[in-house]
1. Compute the distance in nm between two label points, each set 7 Å from the Cα along the Cα-to-Cβ direction, one at residue 34 and one at residue 56.
2. Quick one: order 84, 27 by neighbouring beta-carbon count within 10 Å, fewest to most.
3. How big, in percent, is the set of alpha carbon pairs in the range 8-130 lying more than 23 Å apart?
4. Positive end of the charge dipole of the range 8-130 (Lys, Arg +1 and Asp, Glu -1 on Cβ, about the Cα centre): tell me which of 89, 122, 12 has its Cα farthest that way.
5. Explain nothing, just the number: relative contact order of the range 8-130, from Cα pairs under 8 Å at least 6 residues apart, as a whole percent.
6. Work out from phi, with θ = phi - 60° and the Karplus expression 6.51 cos²θ - 1.76 cosθ + 1.60, the ³J(HN,Hα) of each residue of the range 37-51, listed in order in whole Hz, and give x for Gly and Pro.
Amino acid sequence: MNVSVRAAHFILYVADQAASAAFYRRVLAAEPRLDVPGMTELAIGEGAVLGLMPAAGIARLLGDAIAAPEAPGRAPRAELYLRVDDPAAFHARALAAGARELSPLLPRGWGDEAAYSADPDGYVIAFARALG
């Protein structure tokens, strides 16, 4: 059987939807394609969407079926690895928007150069491009 994925949505559970939306607007230099109470969506490439949902919203949606999302500042549970044309510029925008630098732009052993930061909810964001 051949399964075809038409799009991928990556949804982060955030403490403050408006603050997270403002952060990612600045970092990605993009406006949301959807911004309603309970969900903000930004296109992050062809067929890929970054969603920002209040942590309380997923708890209401799924109830006891899942554990409550951890409070901000705990160990990260996800990484957003974005290949971009100018990782230094994206990383600088993230820092200017309030991200915490985890690692500067450096060559990595897998053939990319990447810079790492943490968003206000503690999620790891990597901005990268292939070397050579």
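Read the figures in this text as sums done on the coordinates, not as results from a lab. All figures in this text were calculated on a predicted structure; none of them were measured in a lab. We place every Cβ from the backbone using ideal geometry, glycine too, and count neighbours over all the protein chains shown.
1. So the label points at residue 34 and residue 56 sit 2.1 nm apart.
2. Values: 84 16, 27 24.
Ordered by Cβ neighbours within 10 Å, fewest first: 84, 27.
3. Details: 2200 of 7503 pairs.
Counting pairs separated by more than 23 Å, the tail of P(r) holds 29 percent.
4. The residue sitting farthest along the positive end of the dipole is 122.
5. Numbers: 218 pairs, mean separation 29.8, N = 123.
Result for the range 8-130 is 24 percent.
6. These are the phi-based 3J(HN,Hα) values: x, x, 6, 10, 10, 10, 5, 10, x, 5, x, 10, 9, 9, x Hz.
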